[in-house]
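Step one of this worksheet: look at the structure below.
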Amino acid sequence: MNMMDMFGMLGKAKEIQAKIQEFKDNAAKLTVAGEAGGGMVKVVMNGKKHLVAIEIEPSLLKAEEATILQDLIVAATNKAAIEVDAMMKEELKKQTEGVLPNIPGFDLASMIS
C-alpha cells in the first residue's frame with residue numbers, strides 16, 4: 001500500500017466519522033409512533049429512544065382499566081422502540097451512502113447504538 005492510498009483511507013475514515021456524528025446529532029429530531037389497542041394508546045419516540053409524547057383514549061382513564069392501560073402503554077412503547085431501530089438503520093444507510101461500500105453482513109448501526 002502506498003502513501004497516497006493510506007491518505008485516502010484516512011480521509012474516508014474522517015468522512016465516515018463526520019457522517020456518523022451528523023447522524024447522532026439528528027437522531028433527537030426524528031420521531032416514530034407506536035400504537036396499541038387499536039390506536040387507543042399511542043406513544044411518540046425520538047431516534048434516541050426518548051419518549052416524547054403519549055396519547056391515551058379517554059375511555060381508558062378509569063380505575064378499573066388501569067392494568068389494561070399499563071399493558072397498552074408498554075406495548076406501544078415497545079413497538080415505537082422497534083420502529084426507532086428500523087428508522088435509524090435506514091437513516092444511517094442514507095448518511096453513509098457513497099462513503100462506505102455495501103458489505104454484506106456488516107451492520108454499522110449496531111456499532112454506534
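Computed from the coordinates by the stated procedures, all read-outs in this text should not be read as laboratory data. As the structure is a prediction and not an experimental result, all values here were calculated from the model. Every residue, glycine as well, gets a Cβ built from its backbone with ideal geometry; the counts of neighbours run over all protein chains shown.
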First select every other residue whose beta carbon is under 13 angstrom from the beta carbon of N26; then total the charges, Lys and Arg +1, Asp and Glu -1. +1
In nanometres, what is the gap between the two model label sites at E83 and D5, each 7 Å from Cα along Cα-to-Cβ? 4.7
Given points 7 Å out from each Cα along the Cα-Cβ axis, report the I68 to K94 separation in nanometres with one decimal. 3.8
